[in-house]
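In what follows, a structure is listed as structure tokens, so that the remarks can point back to it.
The values are calculated or read from the model by the stated rules, or taken from the named source; none is laboratory data. As the structure is a prediction and not an experimental result, all values here were calculated from the model. Please note: Cβ atoms are built from the backbone with ideal geometry, for glycine as well, and neighbour counts cover all protein chains shown.
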Amino acid sequence: GSFVSADGKIGAIVEVNCETDFVAKTDGFKELVKKIAAHIVATKPADVEALLASELDGQTVEALVTASVAKIGEKISVRRFALYEAPEGVVAAYIHGGGKIGVIVELKGGNAELGKDVAMHVAAANPSYLERSQVPAAELEHEKEVLSEQAKNEGKPEKIIEKMVMGRINKYYKEVCLVDQEFVKDPDQTVGKLVKAAGAEVLAFSRFQLGEGIEKKQEDFAAEVMSQIK
């Protein structure tokens, strides 16, 4: 769920987990998530621990969640949140697929419409980084090694392998960096160009996919049980 202040200067997205789709779709659960998102914006907690300890409606958020568990009859937990402030621009949030993906972006300059367009793009294209400088050197080196090996296997001469690798690295940037990606609504321009044309700049973004990482743990656990059986 998400909450953005009326002036668009501060906003938050939060992931709250329950056990079934049935509960996730109930009004009571949706209201709880929305209330927690608005509370994050109002109190600006440092982390989930601080959020759970903070007071909401005369009790801690942790007590509110516990009371909801008793009422709803399923385990409920606040997993993570992202909070952004944009004193010189806007914060925009976008929730996709009834809560399956949540995105929040911080812009310098721009407006709510531009912010929503960028947030929707992030939901669809899933960039790993904002810009090229954020790609870790080790990841880049690994990518260069893989691409270089591919070019060698294609029988390309050494002198043009370097040029090919650089060309493919630029393609890699376009896949993983938000500002280099083709804008989903208009592939003729990049997100960077779209934002720049509006006199704005993307400063940060967060993209949460519901349950990401949780399934991995369950899969590993299943593999562990299987190995013990074998």
Checklist entry - Got a number for residues in segment 203-223 being at pLDDT below 90 and either farther than 12 Å from residue 79 by Cβ or among the small types (Gly, Ala, Ser) (or both)? => result 11
Next on the checklist: Any residue that is buried (at least 20 other Cβ atoms within 10 Å of the Cβ) and assigned to a helix (DSSP H, G or I) - is there at least one of those in segment 9-18?
Outcome noted: no
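Does residue 116 qualify as being over 17 Å from residue 6 (Cβ atoms) and of a type in the set (Lys, Arg)? So that I can check it myself, show each step before the final result.
Values: over 17 Å from residue 6 (Cβ atoms): no; of a type in the set (Lys, Arg): yes.
Judged against the criteria, residue 116 is not a match.
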Checklist outcome for this item: Considering residues that are under 19 Å from the mean Cα position of the chain (by Cα) and among the aliphatic types (A, V, I, L, M), the number found within segment 180-194 is 2
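Listed here are the residues, each with its yes/no results for (1) under 25 Å from residue 126 (Cβ atoms); (2) in contact (Cβ under 8 Å) with a residue 40 or more places away in the chain; (3) more than 14 Å from the chain's Cα centre (by Cα).
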| residue | (1), (2), (3) |
| --- | --- |
| 15 | yes, yes, no |
| 22 | no, no, yes |
| 31 | no, no, yes |
| 53 | no, no, yes |
| 82 | yes, yes, no |
| 96 | yes, no, no |
Checklist entry - Does segment 113-129 contain at least one residue that is farther than 15 Å from residue 207 by Cα and in the same structural domain as residue 86 (by TED's automatic domain parsing)? => result yes
Item to check | Any chance residue 77 is in contact (Cβ under 8 Å) with a residue 40 or more places away in the chain, out of contact with any Pro (no Cβ under 8 Å at 6 or more places or on another chain), among the polar types (S, T, N, Q) and surrounded by fewer than 22 Cβ atoms within 10 Å (Cβ to Cβ) | outcome: yes
Checklist entry - Mind checking which pairs have a first residue in segment 193-218 that is assigned by TED's automatic domain parsing to the domain that holds residue 24 and more than 28 Å from residue 132 (Cβ to Cβ) and a second that is at pLDDT 95 or above and crowded, with 17+ Cβ neighbours inside 10 Å, Cβ under 9 Å, 6 or more apart or different chains? => result 210/15; 210/101; 210/102; 211/15
Checklist outcome for this item: All-but-one check, residue 2 against (1) of a type in the set (Ser, Thr, Tyr); (2) in contact with an Asp or Glu (Cβ under 8 Å, 6 or more places away or on another chain); (3) buried (at least 21 other Cβ atoms within 10 Å of the Cβ), failing number (2)
Checklist outcome for this item: The number of residues in segment 175-190 that are in contact (Cβ under 8 Å) with a residue 12 or more places away in the chain and within 14 Å of residue 128 (Cα to Cα) is 6
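When you look at residue 159, is it farther than 30 Å from residue 2 by Cα and either in contact with a Pro (Cβ under 7 Å, 6 or more places away or on another chain) or among the charged types (D, E, K, R) (or both), yes or no? Give the derivation first.
Numbers: farther than 30 Å from residue 2 by Cα: yes; either in contact with a Pro (Cβ under 7 Å, 6 or more places away or on another chain) or among the charged types (D, E, K, R) (or both): yes.
Here the answer is yes, as residue 159 does meet what is asked.
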